[in-house]
Amino acid sequence: MRSDQDQIVDELLVIEAQLGDRACLDLLVDRWSGRLLGAARRHTGDGAAAEEVSQEAWGAIAKGLSRLRDPALFGAWAHGIVRRKAADWVAARGRERRETARTRGAEPRGGSAGIRADGEELVGLRRAIRRLPAERRAILFLLYGEGLSVGQIASLLEVPAGTVKSRLHQARAELRGLLETQGEW
């Protein structure tokens, strides 16, 4: 969880970067690149793709920063850009896989971006999370992986906070059901 001091520093950096201070933008990149790269990695499930998605996202962030009205929402806004860039990458990869399968005369194998964790105790959880729809995986990662609040997630997804709470409830219930059927819970 981020401290109030970190939030204030980020807000000041955003304001200064919006005013054209390149050094402040560079500091924002330093402060946020690890988190956004991690989010890209979780959304794509691929390290090289995460680098590419992260680079594209930072280009969009730099280009669109002047349009961000509330500097306090920088993190949620930046995560939204990463999420959209990752979704574009995943969609393009799906098209490539379908095209490859078509040319080979086979059906594409299923697969999705999942989490990476060490330890045998997490194998069942990873398997269950991978079986969740992408929207439910993403909302769980935003809450638990990125430490975003319900309000920040609502802003990121551009939906009411109640919708986020409902989706979290549904994701948890579905995950619980998957774990129960796998005998992991």
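Assorted remarks:
- Condition check for Glu121 on (1) in a helix (DSSP H, G or I); (2) at pLDDT below 80; (3) surrounded by 12 or more Cβ atoms within 10 Å (Cβ to Cβ): one failure, at (3).
- Flag set for Ile139, criterion: at pLDDT 70 or above, outside the structural domain of Gly38 (by TED's automatic domain parsing) and buried (at least 18 other Cβ atoms within 10 Å of the Cβ).
- Whether a residue is within 16 Å of the chain's Cα centre (by Cα), farther than 30 Å from Val9 by Cβ and at pLDDT 70 or above was assessed, and Ala76 does not pass this test.
The values are calculated or read from the model by the stated rules, or taken from the named source; none is laboratory data. Since this is a predicted model, take the numbers as computed values, not measurements. Because the Cβ atoms are built from the backbone with ideal geometry, glycine has one as well, and the counts that use them run over all protein chains shown.
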